[in-house]
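What follows is a short report on a single structure.
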Amino acid sequence: MGYNGGMQTPITVFAIAGSLRAASLNLALLRAITQLAPAEFTIRIDTGLGHLPLFNPDLDADSLPAVTAMRDAILAADVLMLASPEYAHGVSGPMKNALDWMVSNTSFIDKPLVLLNTSPRATHAQAALRETVLTMSARLIDDACISLPLLGSGLDAEGIAAHPGLRQDLLTMLQRIKLFL
Ligand SMILES: Cc1cc2nc3c(=O)[nH]c(=O)nc-3n(C[C@H](O)[C@H](O)[C@H](O)COP(=O)(O)O)c2cc1C
């Protein structure tokens, strides 16, 4: 590795929570990660999921600002993080809608990607998400994908970031991303 004056290479992350709920645990988890991430990480949390139209292949994705904004944010990031709730053993509708919009552009191809799960019980959605993103040719960072027992914990973003065990799990996750890149 070359000498770079002690500066660490910046790592940019784009993170999407698959819930539109104001008190979403998935969003809280992403916020916690932004709070505890080492300075070399720049993490941007998506705010556009709820503005995407329902997926319709007849529409011209390039002329839909919400679609191109999400596509460009993913393309610009070194890593994509997805955190989706499980609804009735499936991926949330808003998250699947976003993924379907991204199929026909190149944003997922070879994109390093991490799946985060706020409930170890929610195995169906994680498995389905995994299958979908691999089908979309993302590069899953397997050892950085984690399920944390947040459901029912009553923790918000600050509480997650301050919890010693969760904090350590999330720092390990970020370290594994760094090693992967
Ligand atoms: C309509 C609905 C269906 C759900 N189905 C499941 C399920 O099948 N499996 C599960 O583990 N949790 C299920 N849950 C619980 C949610 O995954 C959980 O509340 C999660 O925290 C929601 O994500 P959020 O906090 O980011 O909004 C369901 C919740 C709702 C509202």
Rounded to the nearest 500, the 222 nm mean residue ellipticity computed for the chain from DSSP H runs (n ≥ 4, each -39500 (n - 2.57)) alone is -12000 deg cm²/dmol
Given backbone amide H placed at 1.01 Å from N, residues whose amide H is under 5 Å from that of ARG139, ignoring those fewer than 5 places away on the same chain, are ASP110, LYS111, LEU113
Toy charge model, Lys and Arg Cβ at +1, Asp and Glu Cβ at -1: segment 118-181 dipole around Cα centroid in debye, rounded to 20, equals 140 debye
Under the Karplus relation with 6.51, -1.76 and 1.60 and θ = phi - 60°, whole-Hz ³J(HN,Hα) for segment 18-26, x at Gly and Pro, equal x, 10, 9, 6, 4, 9, 4, 5, 5
Bounding extents of the chain in its principal axis frame from Cα atoms, largest first in Å, are 49, 44, 26
Of the candidates LEU82, ASN56, THR172, the farthest towards the positive dipole end of the chain (Lys/Arg Cβ +1, Asp/Glu Cβ -1, centred on the Cα centre) is THR172
Among segment 26-51, those whose backbone N falls under 14 Å of a label point 7 Å along Cα→Cβ from ARG167 are 32-38
On the accessible surface of segment 35-181, probed at 1.4 Å with all protein chains in place, carbon and sulfur together account for a percent value of 54 percent
Simple spin-label estimate for GLN35/SER153, 7 Å along Cα→Cβ, in nm, reads 1.1 nm
A correct Karplus calculation of ³J(HN,Hα) over segment 120-130, with 6.51 cos²θ - 1.76 cosθ + 1.60, θ = phi - 60°, whole Hz and x for Gly and Pro, returns x, 6, 8, 7, 5, 5, 4, 5, 5, 4, 4
Answer in debye to the nearest 20: the dipole magnitude of the chain about its Cα centre, from +1 Lys/Arg and -1 Asp/Glu charges placed on Cβ, is 360 debye
Against the 2.2 N^0.38 Å rule of thumb, the C-alpha Rg of segment 1-104 sits at a ratio of 1.22
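The values are calculated or read from the model by the stated rules, or taken from the named source; none is laboratory data. None of the values given here were measured: they were computed from a predicted structure. Virtual Cβ from ideal backbone geometry, glycine too; neighbours counted across all protein chains shown. SASA here: full protein model, heavy atoms, side chains in, ligands and nucleic acids out. Shrake-Rupley method; radii C 1.70, N 1.55, O 1.52, S 1.80 Å.
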